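Notes follow once the structure below has been shown.
The values are calculated or read from the model by the stated rules, or taken from the named source; none is laboratory data. Quantities reported herein were computed from a predicted structural model and do not represent experimental measurements. Every residue, glycine as well, gets a Cβ built from its backbone with ideal geometry; the counts of neighbours run over all protein chains shown.
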Amino acid sequence: MFDAKQFINDAVQELKNTAKGKAMIAFSGGVDSTVCAALVNKALGKDLIAVHVDTGYMRKNESDRVVATMKQMGLHYRFIDARSEFYEALKGIIDPEEKRKRIGKTFIAQFEHVAQEEDVAYLVQGTIAPDWIESGGELRDTIKSHHNVGGLPETMNLKLIEPLRDLYKDEVRKIARELKVPAAEHQPFPGPGLAIRILGEATPERAQIIREACAIVEQEIENAVEKGTMEKPWQYFAVLIPVKTVGVHGDKRAYGYTIAIRSVESIDAMTCSYSDIPHQVLDKISTRLTNTMGEKINRIVYDVTNKPPGTVEWE
Amino acid sequence: MVKIYVVNNGGQWTHREWRTLRYLQVETKIVPNTVALDTLVEDAIDGLVLSGGAPRIGLEGTLGNCAQLLDKLSVPILGICAGHQFMARHFGGTAEPSKIPEFGKVELTLIDPDDPLFEGVPQQSTVWESHNDEVTRIPSDFKNLGKSENCEIQAMTHTSKPLYGLQFHPEVEHTQYGALIFKNFVQICTR
């Protein structure tokens, strides 16, 4: 079994031995980066700076919450509003791999900036096993590129530290609970964020649509979980399929986009089964989505694909 | 401590094989599939896993140094997916593209539930797959241990050597008795 206490001791010791200088941590606010920050904080204390980037593809109020978390954790931090940079980088881009690569590059540009200003020697990332496994390399096929894998330019002159590299999410959660990190039970959220929950071009307008839709899916599922109607899924969100189909709204013809509800069960994200969501919950989500966003959305579908053959996220 | 290495054929779940062995308190390491026989002999391993692999890798070519390892090592060897397909080819069987590939959930039916690798595993169980190719003709020195609706040879073993091949993936969480199968393999390695 996985011994979280032992891992923490070993990791903190390793960090103390390796990191002789100022470190910067890429802080998305998810469980991986938060655990990393807690570990590095334990080892280096004042020599750590956390950097949170608002990519424009964050969930509703997410960046506000993350900044609050960094404050609560007592981290020395920087918050970067890079929305326009990310939107510009993805303008006209429809290929999912191209999206991921450009997002990776844009992230690095932000970190480079801070690294220079703060005179940082190390970049800490909460990279975990599935990230580098799915990014390919050696004999492995690239299933999808990850923004935090294989992107650092040599000119950046930063040494990379990834204490969680060999771990899977369930093991990271055990560490998070041991360290009493509040993000321990948060559902996974991909680095490229909502950009990969929009099929095709991820425009700011579409980002706003899917931001709203994801918030509705999350709220309704979390309500149902609280009521005891269902168990909390591993990961649950909405995907915008910008394909129009015909509908009827108040005696008027409608022609709008489709949203897919996605929810899966897993332990480590490497294999997943689609969730058995009670009908009344799907019903509530569907109706709320089309009532709230009827101008743009008139069809809701539920993704019944396991991993394999699909992946959790659609891009 | 039992020592079982994982030969990396570029699979998505190679690292999961490593994790499963670690959880069983086995001393383990992932080695490239070009690993030298001498290295494994010097390290005095008790067993070896030939991992699943990159696209088509079980179907064509040499799979690194696996041929030599299969011929010269006397320890138990477990081939998974691409490792299993290569093992079949190496010993005179055939591996080809599947008529119906299997991704995700599949029902495994054991043909020989008395084999030590399947001790404690019921005759029907859920396994998880991810294969475009499969063993279509089992080598004459091997016997078939299990099948599914769309794949005749899900598991095989040599009739006199401690060699095993599995088409499905015991190392993933969704394979119902995966951890038990690995535990049984570790037992076989400690004999």
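Among the listed residues A:Ala238, A:Ala260, which satisfies the condition of being in contact with a Phe, Trp or Tyr (Cβ under 9 Å, 6 or more places away or on another chain), part of a strand (DSSP E or B) and either among the small types (Gly, Ala, Ser) or in contact (Cβ under 8 Å) with a residue 60 or more places away in the chain (or both)?
Numbers: A:Ala238 fails: in contact with a Phe, Trp or Tyr (Cβ under 9 Å, 6 or more places away or on another chain).
Matching residue, one of A:Ala238, A:Ala260: A:Ala260.
Scanning segment B:154-191 for residues that are closer than 15 Å to B:Gln124 by Cα, part of a loop (DSSP other than H, G, I, E, B), in contact (Cβ under 8 Å) with a residue 60 or more places away in the chain and over 11 Å from the mean Cα position of the chain (by Cα) yields a count of 1. Only one entry in B:Val6, B:Val31, B:Val35 is in a loop (DSSP other than H, G, I, E, B) and at pLDDT 95 or above, namely B:Val35.
Residues in segment A:101-132 that are farther than 22 Å from A:Val35 by Cβ and in a loop (DSSP other than H, G, I, E, B): A:Asp119 only. Criterion applied to B:Gln85, B:Gln12 was being in a loop (DSSP other than H, G, I, E, B) and either over 22 Å from B:Ser140 (Cβ atoms) or not charged (D, E, K, R) (or both), and the one residue passing it is B:Gln12.
For segment A:158-169, enumerate the residues that are touching a strand residue (DSSP E or B) at 6+ places or on another chain (Cβ under 9 Å) and within 19 Å of B:Thr14 (Cα to Cα). Of everything in segment A:158-169, just one residue is touching a strand residue (DSSP E or B) at 6+ places or on another chain (Cβ under 9 Å) and within 19 Å of B:Thr14 (Cα to Cα), namely A:Lys169. Based on what the data block shows, is A:Glu295 modelled with pLDDT under 95 and either surrounded by 18 or more Cβ atoms within 10 Å (Cβ to Cβ) or away from chain B (no Cβ under 14 Å) (or both)? Considered against the rule, which asks whether it is modelled with pLDDT under 95 and either surrounded by 18 or more Cβ atoms within 10 Å (Cβ to Cβ) or away from chain B (no Cβ under 14 Å) (or both), A:Glu295 comes out as yes. Within segment A:298-315, the set of residues being within 14 Å of chain B (Cβ to nearest Cβ) and touching a residue at least 12 places away in the same chain (Cβ under 8 Å) comprises A:Asp303, A:Val304, A:Thr305, A:Asn306, A:Lys307, A:Pro308, A:Thr311, A:Val312. Answer with yes or no whether A:Thr203 is away from chain B (no Cβ under 14 Å), under 19 Å from the mean Cα position of the chain (by Cα) and surrounded by fewer than 19 Cβ atoms within 10 Å (Cβ to Cβ). Yes: the conditions hold for A:Thr203. Considering segment B:14-27, and only residues there that are in contact with a strand residue (DSSP E or B) (Cβ under 6 Å, 6 or more places away or on another chain) and buried (at least 22 other Cβ atoms within 10 Å of the Cβ), the residue that is farthest from A:Thr271 (Cα to Cα) turns out to be B:Val26. Checking A:Arg83, A:Arg102 one by one, the residue that is of a type outside the set (Ser, Thr, Tyr), surrounded by 15 or more Cβ atoms within 10 Å (Cβ to Cβ), modelled with pLDDT of 90 or more and more than 20 Å from A:Ala50 (Cα to Cα) is A:Arg102 and no other. Look through segment A:133-143, keep the residues that are part of a loop (DSSP other than H, G, I, E, B) and either among the charged types (D, E, K, R) or in contact with a Leu (Cβ under 9 Å, 6 or more places away or on another chain) (or both), and return whichever of them is surrounded by the fewest Cβ atoms within 10 Å (Cβ to Cβ). Only one residue tops the list, namely A:Glu138.
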